[in-house]
Structure formats: C-alpha cells, structure tokens
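J.: I have a structure I would like to understand better, so I am pasting it below and will then ask my questions one at a time.
The values are calculated or read from the model by the stated rules, or taken from the named source; none is laboratory data. These figures come from a predicted structure and were not determined experimentally. Areas reflect the complete protein model, heavy atoms only, side chains present, ligands, DNA and RNA absent. Shrake-Rupley method; radii C 1.70, N 1.55, O 1.52, S 1.80 Å.
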Amino acid sequence: MTPSQARNAIKRSLQALIDPKPTAQQKHQIWDGFQHQCAFCGCSLNQSQRQGHIDHLIPESQGGTNRLANLILTCAPCNGDEKLDKDWQAFLKYKCDGDLPLYEQRLACILHWQQSQPGPVTLSPAQQQQLNDAFAQVNTVYSSAVAQLRAQNKNTQ
C-alpha cells in the first residue's frame, strides 16, 4: 500500500465512525426495496450470484452518506461502467432513453425509497468539518512519519 492509498484508507475509516457502512440486514432491505432490479435500467439481479451493487445516489466524495435513503440497487454496468460520478437523475433520464413514463416510474420508485428511509442523504456541515479536522490532524502526523522514514532510508542506502 502506498502512502497515498493509506491516506485514503485512513479517511474512509474516520468517515465510517461518523457514517457506518450498511449492515448485511440493511443490504437485504435495499435488495427487497428495489425488488431485485437495477434502479436505473430495470434489469433483474440475482443476489445469491452477487450480481447487484449497492450504489450511492450522492457519492461519498460529494458528502453523500451511507444511510439507506442515499443507497440504491444497481447492476454492475450502470454502477461501474456508465454512471460513475454523473448526477443520478440525469443518468436515470439517459437510461430511460426518452421514455417519459418509464423515467417517471423509476424516479417514483427511487423517491419512494428515499422518503421511506430515515436519515439524511448527505453529511451535515458540522459532520463534514469534524471529519476534515480529524483527517487533517492524522494526516499531519502521518506525513511527518513518512518524511522521516524516507529520509532515514535515503541515508542508509
């Protein structure tokens, strides 16, 4: 693991203290809530074959939470290959390819899911600041240790 990868892992572990990942039971709720179908394209997914992905409507990188209201079921192509960091509503329109009734049906399903789940879809500004402050403290110490080790290793070569 590189220092950069370690920093990312540290930041994710700090965020998990504020906003834990969904439990196995919560993942089952998501599967059932979307009737084992991709929220974007509607394809059927088999949970036992691990075909589906749990996707964030608002990405964690943009302050999105791991609360159920921000998580949906998607297929691998929609989540991994196509959507990436696109706005989820714009991506849904794209996947419905101009079929307005289909778009409205899938949108209603996602919005119903969001409204039926507790919790915010984004971290509060206070939580985001708390996370940023904690990471800055850890990163300062970590960066200093990395620099010291590099300097010591350079002197011994």
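J.: Note the angle between two axes, namely the Cα long axis of helix 100-116 and the longest principal axis of the Cα atoms of the chain, as a number of degrees from 0 to 90, rounded to the nearest 10.
T.: Helix 100-116 sits roughly 60 degrees off the main axis of the chain.
J.: What whole-number value in Å² describes the accessible area per residue of the chain for a 1.4 Å probe?
T.: 62
J.: OK, next. Could you work out which residue, out of Thr122, Thr65, Thr140, moves most in a Gaussian network model of the chain, that is, has the largest mean-square fluctuation with Cα springs under 10 Å?
T.: Checking each option, the largest mean-square fluctuation is seen for Thr140.
J.: Now for a separate question. Roughly how tilted is helix 24-33, in degrees to the nearest 10 and between 0 and 90, from the longest Cα axis of the chain?
T.: 30
J.: Quick one: with all protein chains in place, what share of the accessible area of the chain is carbon or sulfur, to the nearest percent (1.4 Å probe)?
T.: 52
J.: If you take the square roots of the eigenvalues of the alpha-carbon gyration tensor of segment 37-77 and sort them as a ≥ b ≥ c, do you get rounded (a/c under 1.5), prolate (a/b over b/c) or oblate?
T.: Verdict is prolate for segment 37-77.
J.: Return a whole-number percent for the relative contact order of the chain, with Cα pairs under 8 Å and 6 or more residues apart as the contact set.
T.: Relative CO of the chain lands at 25 percent.
J.: Rounded to whole Å, give me the distance from the Cα center of segment 18-68 to that of segment 82-147.
T.: What the calculation gives is 12 Å, centre to centre.
J.: I've got another one for you. Looking at the chain as a GNM with Cα springs under 10 Å, which of Ala136, Ala147, Ala108 has the largest mean-square fluctuation?
T.: Fluctuation is largest for Ala147.
J.: Run the helix sum for the chain: -39,500 (n - 2.57) per DSSP H stretch of 4+ residues, divided by residue count, reported at 222 nm to the nearest 500 deg cm²/dmol.
T.: Here the helix-only value at 222 nm equals -18000 deg cm²/dmol.
J.: Please tell me which of these pairs span more than 25 angstrom C-alpha to C-alpha: Lys11/Lys95; Lys11/Lys93; Lys21/Lys86?
T.: Over 25 Å Cα-Cα: Lys11/Lys95; Lys11/Lys93.
J.: What's the whole-number percent of alpha carbon pairs in the chain lying beyond 24 angstrom?
T.: Percentage above 24 Å: 45.
J.: Using only the Cα atoms of segment 1-64, build the gyration tensor, take square roots of its eigenvalues as a ≥ b ≥ c, and label the shape rounded, prolate or oblate: rounded if a/c is under 1.5, else prolate if a/b is larger than b/c, else oblate.
T.: Prolate, since a/c reaches 1.5 and a/b exceeds b/c.
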